[in-house]
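Accompanying notes for the structure given below.
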Amino acid sequence: MDPSALNNPQLQQLINQEKERAMANEMIAKLTSACWDKCITGTPGSKFSSSESNCLSNCAQRYMDMSMMIVKRDKDTFHMLARFTREAKESSYIRKKTKTMYTNIYYRKKQDPTH
């Protein structure tokens with residue numbers, strides 16, 4: 001494969017779509033396993049009982065709600081860390097500029113005999 005092909009936007013979009021599809025499939029597999037183990041207690045028949053159906057529905061909803069909450073928390077954490085990093089860089093820049101400014105003022109006063 002030509003290494004320059006990796007920079008192709010269409011290929012990158014296809015790769016991202018496949019990653020998203022794989023993540024969705026993984027989440028569905030986890031949800032199915034967790035909810036099945038919790039809600040289906042006996043040997044399943046041709047259809048779910050009303051209690052099994054309700055349990056599966058509620059379990060899936062809770063699983064999705066928790067997944068969304070985790071994603072939001074991770075996103076908020078990422079934004080907080082990015083803001084902290086940006087502020088730390090800005091603070092460091094301001095300290096350096098302030099030190100330079102005071103150093104310049106000090107040396108100007110030292111060189112100017114009128115002060």
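The values are calculated or read from the model by the stated rules, or taken from the named source; none is laboratory data. Because the structure is a prediction, the values reported are computed rather than measured. Neighbour counts are summed over all protein chains in view; Cβ atoms, including those assigned to glycine, are modelled from backbone coordinates with ideal geometry. Surface areas here come from the heavy atoms of the whole protein model, side chains and all, with no ligands, DNA or RNA. Shrake-Rupley method; radii C 1.70, N 1.55, O 1.52, S 1.80 Å.
Suppose R0 equals 30 Å; then what is the FRET efficiency for SER49 and MET23 from their Cβ-Cβ distance, rounded to the nearest 0.05?
Working: r = 32 Å, r/R0 = 1.06.
Here the calculated transfer efficiency is 0.40.
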- Message: Can you give me the angle between helix 9-39 and the longest principal axis of the chain, using Cα atoms only, in degrees from 0 to 90, rounded to the nearest 10?
- Response: 50
- Item | For percent of Cα pairs over 17 Å apart, calculated from these coordinates, the label among (1) 65; (2) 77; (3) 70 | (2)
- Loop-only check: which GluC sites (Glu not before Pro) in segment 1-75 are DSSP coil with at most 15 other Cβ within 10 angstrom? none
- Item | Simple label model, 7 Å out from Cα along Cβ direction - LYS30 to ILE15, nm | 2.4
- Solvent exposure ordering (accessible area, 1.4 Å, most first) of PHE78, PHE48: PHE78, PHE48
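222 nm [θ] for the chain, helices only, -39500 (n - 2.57) per DSSP H run of 4+, per residue, to 500? Provide the component values of the computation, followed by the final result.
On the way: 2 runs with 93 residues, N = 115.
Calculated from helices alone, the mean residue ellipticity at 222 nm is -30000 deg cm²/dmol.
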- Relative to the chain, whose Cα atoms define the longest principal axis, helix 50-111 and its Cα axis are tilted in degrees, nearest 10, by 10
- Quick one: how many Å² of ILE28 are accessible to a 1.4 Å probe, rounded to 10? 100
